[in-house]
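My questions all concern the structure below.
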Amino acid sequence: MESKSKSRSKDEKGKVYLVGAGPGDLGLATLRAKECIEAADVIVYDHLANPEMLGWARADTEIIYAGKEPGKQSLGQAEINALLVGKAREGKEVVRLKGGDPFLFGRGAEEAQAIVDAGIEFEVVPGITSAIAGPAYAGIPVTHRAENSHVTFFTGHEDPAKEESAIDYAALAKLGGTQVMLMGVERLGSITREMLKLGVRADLPAALVRWATTGRQETLTGTLEDIAQRAVASGFEAPAVAVFGDVVALRESLNWYEKRPLSGKRIVVTRTRKQASALSNKLRALGAQVIELPTIRIEPPTDLREFAELVQDAHIYDWIVFTSANGVEAFFEIFFKLYDDARELGCARIAAIGPATAQRVKDFHFHVDLQPDEFIAEAVAKEFRKQGSIENVRILLVRAEKARDVLPRELSAAGAIVDEAFAYRTVPETRDITGARNQLAKEGADLITFTSSSTVENFLALGLPWPKGMQVASIGPITSKTARDQGLKIDIEARRHDIDGLVETIRRFFAGNSTRRPMD
Ligand code: SAH
């Protein structure tokens, strides 16, 4: 998609979208939120909005951090309002991305007011609030027919000891039901003391859920009487939601999120941003916290014209061999620009290395005639030889620039006439819009995944300090060899050399199963 800002005329009025980012889990963003981010010219985001969502933005989108974090310079509310208005006045589509739901605490209403006062159009995209999703991911439904018939959301931002507190704790105490508190974990002591003083029973179940719905989620349970002291004892810090009510007891049987196989594991994914999601989503589904740290990016080949000419002549070959999904995509993108009829491929047969490559071919509605059992280049040459002589057979090999030479060499040695079509090149990813590198340095990780030799080389080229105890998972022997040559120790090597195989081996590794051994 071309930049909309460039095509839009200067005097066209901008618009501000107040978008709820949801509580943290990427999957809990709404479709509308994703659409808005994809189309945004400017994104102003908060501390609690998952920065991975910024990966959905266009490459030229201006991204501004407006979060408030202790010890960091941050924009004041008036400055944020002025920023939103100012950017919209430049004719831009501005997304104001806020954690959870924009209208539940967090000052979304004030921002909306400022935008309207400035005469600027706005839209609200509600989000899933941490007040409901947080407890849910801890196995606590905020209502249960047998337990309560109302829920209260209140802010713990204010100190109840203060005279001017706007919260009527006496009313809260009398009301009962489920009470969900946002903000103010630090004031939990004085808040619970106040509630006890007002006659709420001491053994009322209570829970705190921090970094809810993310890979960092932690839950602490107790009673109204002891939860504050437990929080202090375990160093339980914000951001957290607190739940008071009998529904908390349901967690005992309903806790699901914290029991998944990779819960509590932080795993780094180094593939290109575009390709990362297949791996990331599978790891997340098993409970891992994923840091997407793309080290490479796919770019058109140096000589696009030469590639296009080879694509144009593809029908004169006996075989077209694809070695990666990227190659398939690059090939058909050009092919369908040149031709409007799939039959222009003529009688060329198609070979694909690896199931993901074969799947991409099938996505374009072409049959895969040859798919080696093993997903490495050597196997293709062997597979071809099995088919009999390939003397004088014409083969077009669609691949990345700077790929290994094994395949063309072996095919040529067997008598085939091989032309190489360089479909794309992988270049180091230079941007780090989600702050993943900083996050890795600060928080460390349990495991880093490498899905190709170039991810290994480019990750190491970044020169980041190696987090203590971070183990290494590789997709297959070639990637492992590259890593070993660079001095890394391989802790996990996928049994099947594809994404599913890698995920499965990681799952078993952490379950302490048979693969828990270096596969040297
Ligand atoms: N509009 C947001 C709330 C903003 S106020 C929403 O609907 O969720 C900020 C407070 O929200 C935090 O102090 C914390 O209490 C809560 N919060 C937001 N995201 C959270 C998360 N992932 N885990 C726990 N608490 C969260």
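A short reminder: the numbers here are calculations on the coordinates, not readings from a lab. Keep in mind it's a predicted model, so treat the numbers as computed, not measured. Neighbour counts run over all protein chains shown; Cβ positions are idealised from the backbone, glycine included.
Among 24-34, 43-53, 251-261, what's the highest-first ranking by average C-beta atoms within 10 angstrom per residue?
43-53, 24-34, 251-261
Taking only the C-alpha atoms, wrap a convex hull around the chain and report its volume per residue in Å³ as a whole number.
183 Å³
Tell me the label-point distance for the pair S74, L31, using the 7 Å Cα-to-Cβ offset, in nm and rounded to one decimal.
3.3 nm
If you don't mind, there's one more thing I want to ask. Between T430 and K197, what length comes free when the chain is fully extended (0.36 nm per residue of separation minus the Cα-Cα distance, one decimal in nm)?
The T430-K197 span can extend by a further 78.2 nm.
Compute the Cα gyration tensor for the range 15-128, then decide on rounded, prolate or oblate, letting a ≥ b ≥ c be the square roots of its eigenvalues: rounded whenever a/c is under 1.5, prolate when a/b is larger than b/c in the other cases, and oblate in all that remain.
rounded
Still on this structure, please answer the following. When the label point is put 7 Å from the Cα of S412 along its Cα-to-beta-carbon vector, which residues of the range 454-487 have a backbone N closer than 17 Å?
Under cut-off, by backbone N: nothing.
Could I ask something else about it? Taking a point 7 angstrom from the Cα of Q359 along the C-beta vector, which residues in the range 288-316 have backbone N less than 11 Å away?
Correct set: none at all.
Could you please tell me the mean projected area of the C-alpha convex hull for the range 205-360, averaged over all directions and given in square nanometres to one decimal?
Result: a mean projected hull area of 13.7 nm².
Would you calculate a helix-derived [θ] at 222 nm for the chain, using -39,500 (n - 2.57) for each DSSP H run of n ≥ 4 and dividing by the full residue count, to the nearest 500?
Result for the chain, helices only: -9500 deg cm²/dmol.
While we're on this one: Rounded, prolate or oblate: which fits the range 132-259 when a ≥ b ≥ c are the square roots of the eigenvalues of the alpha-carbon gyration tensor, with rounded for a/c under 1.5 and prolate only if a/b beats b/c?
The shape class here is oblate.
Also, I was wondering about something else. At 0.36 nm per residue, minus the direct Cα-Cα distance, what do R216 and D341 gain on full extension? Give it in nm, one decimal, please.
40.0 nm
Also, I was wondering about something else. Evaluate the distance, in nm, between pseudo-label points positioned 7 Å from the Cα of S165 and of V116 along their respective Cα→Cβ axes.
Once both label points are built, they end up 3.1 nm from each other.
Let's see if you can work this out: charge +1 on each Lys and Arg Cβ, -1 on each Asp and Glu Cβ, no other charges. What is the dipole magnitude of the range 299-427 about its Cα centre, in debye to the nearest 20?
Taking the Cα centre of the range 299-427 as origin, the dipole is about 260 debye.
What does the C-alpha gyration tensor say about the overall shape of the range 380-513? Classify as rounded when a/c is under 1.5, otherwise prolate if a/b is larger than b/c, or oblate.
Cα axes put the range 380-513 in the prolate bin.
Using 7 Å Cα-to-Cβ label points, what is the Q387/E158 separation (nm, one decimal)?
7.6 nm
What lysines does K98 reach when the alpha-carbon gap must be under 21 Å and sequence neighbours fewer than 8 apart in one chain are set aside?
By straight Cα distance, K98 reaches K15, K34, K68, K72, K87.
Here's a follow-up. Give the percent of DSSP beta bridges with both residues in the chain that are antiparallel, rounded to the nearest 5.
Counting only bridges with both partners in the chain, antiparallel ones make up about 25 percent.
Given that compact globular proteins tend to follow 2.2 N^0.38 Å, what is the ratio of the alpha-carbon Rg of the range 299-427 to that value?
Ratio of Rg to 2.2 N^0.38 Å for the range 299-427: 0.96.
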